[in-house]
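Scroll down for the structure; my scribbles are underneath it.
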Amino acid sequence: MDLTYTPEEEEFRARLRTWLAGVLPELPPKPSPRDWPARRAYDLGWQRMLYDAGYAGLHWPVDAGGRGATPTQHLIYLEETEKAGAPYVGANFVGLLHAGPTIASEGSAGQRARWLPPVLRGEEVWCQGFSEPDAGSDLAALRTRAWRDGDDYVVSGSKIWTSHAEVADWCELLVRTDPAARKHRGITWLAMPMDAPGITVRPLRTLAGSTEFAEVFLDEVRVPVANRVGAENDGWRVTMVTLSYERGTAFVGEVVACRRVLSEVAREARKNGRWDDAVLRRRLGRLNAEFRALWRLTQWNVSEAQSAGGVPGAGGSVFKLRYSHARQELYDAAAEVLGPESLDLGREWTLDRLSSLSYTIAAGTSQIQRNIVAERILGLPRGR
Amino acid sequence: MDFRLTDDQRALKQGVRDLFEGRFGREALRAAVDRADGRRGADAPERADGKATAGGREGADGRRGEGARVLDRELWRELGAAGFFALRLPEAEGGVGQGLPEAVLAFEEAGRVLLPGPLIATHLAAGFVAGAAAGEVVVTSADGPLVEWLEEADVVRGDVTGAEPLVPVDPLTPLHRLPATDGRPPGGGAFRAARTPDGLLTSLFTAAEQLGSAARTCESAVQHARTREQFGRPIGAFQAVQHLCAGMLARVEVARAAVYAASVTADPVDIAAARLLADEAAVRGARDCLQVHGGIGFTWESDVHLHLKRAWTRTHRAGGATRSEEESADDLVAGTA
Ligand SMILES: Cc1cc2nc3c(=O)[nH]c(=O)nc-3n(C[C@H](O)[C@H](O)[C@H](O)COP(=O)(O)OP(=O)(O)OC[C@H]3O[C@@H](n4cnc5c(N)ncnc54)[C@H](O)[C@@H]3O)c2cc1C
């Protein structure tokens with residue numbers, strides 16, 4: 001059990017810290033969370049800065065254009081960028097954290113060359129077209145159809161809850177290519193250009209009032225067969241790769257952010273007198289313990305992943321399960337500290353409290369994570 | 001950074017597990033419980049007015065015949081011979097020369113089998129109290145309102161004036177209550193000063209024991225869920241049961257990361273976090289394990305209640321949850337979070 005970082009790792013940290021201290025003050029002001037085009041521009045601008053400084057796709061393999069950093073270096077990167085208050089991945093979330101890694105691991109050389117560099121350079125945004133109105137938790141029930149016509153697939157159906165769809169260039173899309181095959185068998189993973197004719201994006205309003213996600217209607221959209229990642233009808237296996245990245249590494253940096261917010265909440269409580277309430281104070285103390293432990297679990301998982309060649313395992317489900325609830329408790333406690341002011345939508349914590357409600361749903365609900373832990377980690381018999 | 005156990009640590013953990021399971025397996029546990037249970041029935045009236053005396057008492061053994069004793073002196077000496085108490089003493093002083101992480105692994109295994117006795121106090125006394133390291137002398141200490149194993153200890157560290165016996169909820173942890181002092185709950189900011197090295201280590205080792213117990217009850221629930229059938233299938237195929245088990249594992253894994261990290265850093269705030277997470281994992285894990293076992297879980301014959309009662313008992317050590325939460329809250333405004 002060694003929690004110290006090697007001299008090389010510490011040097012990496014110091015360099016990154018110096019760089020962040022230099023560039024962050026130069027950043028333009030953050031756009032309104034409701035102005036998607038401005039957010040896209042802001043997020044891509046930040047990605048470009050990372051690229052120019054050699055920090056883009058840090059944990060991606062070198063032959064995918066990444067830096068081939070170890071999971072530990074990636075951890076340091078996430079820790080330092082969050083500590084410094086650097087912009088969040090935002091619109092680059094899908095491309096950098098799961099579509100990209102999936103293509104890097106499952107795509108052909110040509111596909112890697114076509115799609116990965118623009119993600120790293122901050123030129124193209126990806127979205128995730130997995131969920132459908134009748135296929136959420138039961139993802140393999142998806143019905144969006146694709147059939148071959150010459151060198152193209154022709155795709156018809158609809159997707160829902162597609163985050164960033166309004167501003168995305170590409171979509172990691174799951175389609176059914178063999179309706180006769182058993183549920184999990186006839187699925188294919190495609191990269192669909194979002195400007196293809198036949199695509200209609202209809203933004204949905206979230207409970208926070210913003211338009212984070214959208215419905216996407218597909219009416220005979222032509223997607224080149226060359227855009228297929230993995231074999232036809234082998235998309236479920238590819239999807240498992242995508243989901244393991246989505247659950248395994250995507251939330252790590254956020255734990256650091258939560259720890260920062262928790263300190264701010266405690267400082268606010270000191271300022272407004274709520275800190276004298278022992279019940280509230282102890283509640284914040286317990287949250288501090290929880291987030292510390294979650295950070296340790298992250299370090300543990302990273303050490304395990306490092307020894308397993310960098311692929312996040314099913315342990316990501318344990319993390320996601322605990323983290324999503326802890327995040328909601330954090331913002332509930334923040335509301336307690338704010339008192340009546342917590343009803344002011346102008347307060348950052350109020351908006352964050354609302355968006356924290358999605359954490360136990362998106363990327364697989366807590367119920368589904370528990371199923372995974374019970375069946376895949378504990379080996380209990382399959383239910384249903 | 002490589003947080004995983006080293007090969008040596010894995011080997012040590014396995015060695016300790018083999019030792020405990022061989023020497024204090026399920027039968028030994030139940031025999032000890034029966035001994036304690038029988039003694040409690042016979043003793044109850046006598047103990048109501050039996051007062052303990054303060055300070056390093058010797059020879060308390062004389063009060064009762066060996067047959068009535070719950071603490072197995074033979075086992076204690078074997079633990080001593082195996083190096084359990086001297087684990088962190090330098091080799092030059094006759095110890096094993098291991099560090100905190102190794103000690104934590106050993107206490108985790110002790111928690112797993114519900115090894116009884118003032119293990120932590122005796123471990124902490126090795127090197128100070130003659131005979132403790134070798135397991136010749138049983139040491140307990142007063143670190144809060146309760147003292148464990150007061151009557152069976154040869155040496156007591158701390159002031160136990162006016163200690164009154166309780167009828168302990170855990171048959172294998174005799175308890176005395178100390179008279180209340182000023183009774184004020186500790187406030188924020190007070191903890192940095194109140195920390196003592198022994199208090200911190202007691203908290204850390206307690207967390208390790210809780211972790212071992214939590215891991216054990218999780219395994220026991222999963223094992224039962226795989227084999228017990230109802231409605232024509234194993235109950236583990238029912239989601240309601242699966243989710244109880246998944247929750248148990250999630251608590252164990254988070255607690256494990258926190259406890260191991262605290263053993264490496266020895267940082268008081270890490271220790272407070274480890275303690276909170278491990279207490280939760282042990283107490284809630286035992287409850288959920290009981291639930292998964294259904295009616296059997298509610299019987300004396302099942303071991304589940306022993307885990308739950310010991311877990312409850314441990315939560316009161318070294319200031320308990322209040323102390324850990326305040327310590328952790330304190331850290332938030334001290335700016336090191
Ligand atoms: C903010 C946000 C962003 C999202 N972004 C995207 C995106 O970019 N791309 C994308 O493809 N999807 C996205 N999603 C969709 C998300 O993955 C789904 O909402 C999620 O998987 C749940 O599916 P559902 O909404 O259909 O709910 P349902 O599957 O209908 O579930 C409803 C309830 O039933 C429970 N339930 C369902 N099945 C079971 C079961 N077997 N056992 C126990 N309980 C069960 C669920 O836990 C839940 O409580 C997003 C969702 C949110 C909230």
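The values are calculated or read from the model by the stated rules, or taken from the named source; none is laboratory data. If you're wondering where the values come from, they're calculated on a predicted model, not measured in any experiment. Reconstructed Cβ throughout: ideal geometry from the backbone, glycine too, with neighbour counts over all protein chains shown.
Worth pointing out:
- Flag for A:Thr211 being away from every other protein chain (no Cβ under 14 Å), part of a helix (DSSP H, G or I) and within 13 Å of the ligand (Cβ to nearest atom): no
- Boolean, A:Ala293 is crowded, with 19+ Cβ neighbours inside 10 Å, under 30 Å from A:Ser32 (Cβ atoms), more than 13 Å from the ligand (Cβ to nearest atom) and modelled with pLDDT of 95 or more: no
- Candidate set from the range A:129-140 (those that are without any contact (Cβ under 8 Å) to a residue 60 or more places away in the chain and either of a type in the set (Ser, Thr, Tyr) or crowded, with 18+ Cβ neighbours inside 10 Å (or both)); member that is nearest to the ligand (Cβ to nearest atom): A:Ser131
- Residue within the range A:171-186 that is closer than 23 Å to A:Ala113 by Cα, within 15 Å of the ligand (Cβ to nearest atom) and either of a type in the set (Phe, Trp, Tyr) or surrounded by fewer than 21 Cβ atoms within 10 Å (Cβ to Cβ) (or both) present: no
Results for (1) within 15 Å of the chain's Cα centre (by Cα); (2) within 16 Å of the ligand (Cβ to nearest atom); (3) within 25 Å of A:Ala214 (Cα to Cα), shown as yes or no for each residue.
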{"site": "A:Leu58", "(1), (2), (3)": "no, no, no"}
{"site": "A:Thr81", "(1), (2), (3)": "no, no, no"}
{"site": "A:Pro87", "(1), (2), (3)": "yes, no, yes"}
{"site": "A:Gly110", "(1), (2), (3)": "no, no, no"}
{"site": "A:Leu142", "(1), (2), (3)": "no, yes, yes"}
{"site": "A:Gly157", "(1), (2), (3)": "no, yes, yes"}
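- Single unsatisfied condition, B:Arg287 versus (1) of a type outside the set (Ser, Thr, Tyr); (2) more than 14 Å from every other protein chain (Cβ to nearest Cβ); (3) over 27 Å from B:Gly144 (Cβ atoms): (3)
- Residue check for A:Gly310: on the phi > 0 side of the Ramachandran plot and modelled with pLDDT under 95: yes
- Checking each residue in the range B:302-337 for being of a type in the set (S, T, N, Q), outside any helix (DSSP H, G or I), within 14 Å of another protein chain (Cβ to nearest Cβ) and without any contact (Cβ under 8 Å) to a residue 60 or more places away in the chain picks out no residue at all.
- Condition check for A:Ile377: surrounded by 15 or more Cβ atoms within 10 Å (Cβ to Cβ) and either within 16 Å of the ligand (Cβ to nearest atom) or farther than 30 Å from B:Gln223 by Cα (or both): no
- For the range A:336-374, the set of residues classified as more than 11 Å from the ligand (Cβ to nearest atom) and either within 14 Å of chain B (Cβ to nearest Cβ) or hydroxyl-bearing (Ser, Thr, Tyr) (or both) consists of A:Glu336, A:Val337, A:Ser342, A:Thr350, A:Val373, listed by residue number.
- Residue in the range B:234-242 that is part of a loop (DSSP other than H, G, I, E, B) and facing chain A (nearest Cβ under 7 Å) present: yes
- Summed over the range B:128-140, residues that are surrounded by fewer than 23 Cβ atoms within 10 Å (Cβ to Cβ) and either in contact (Cβ under 8 Å) with a residue 60 or more places away in the chain or more than 18 Å from B:Leu200 (Cα to Cα) (or both) total 6.
Listed here are the residues, each with its yes/no results for (1) without any contact (Cβ under 8 Å) to a residue 24 or more places away in the chain; (2) more than 7 Å from every other protein chain (Cβ to nearest Cβ); (3) surrounded by 21 or more Cβ atoms within 10 Å (Cβ to Cβ).
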residue	(1), (2), (3)
B:Leu249	no, no, yes
B:Val254	no, no, yes
B:Val259	no, yes, yes
B:Ala262	no, yes, yes
B:Asp267	yes, yes, no
B:Ile271	no, yes, yes
B:Ala278	no, yes, yes
B:Ala281	no, yes, yes
B:Val292	no, yes, yes
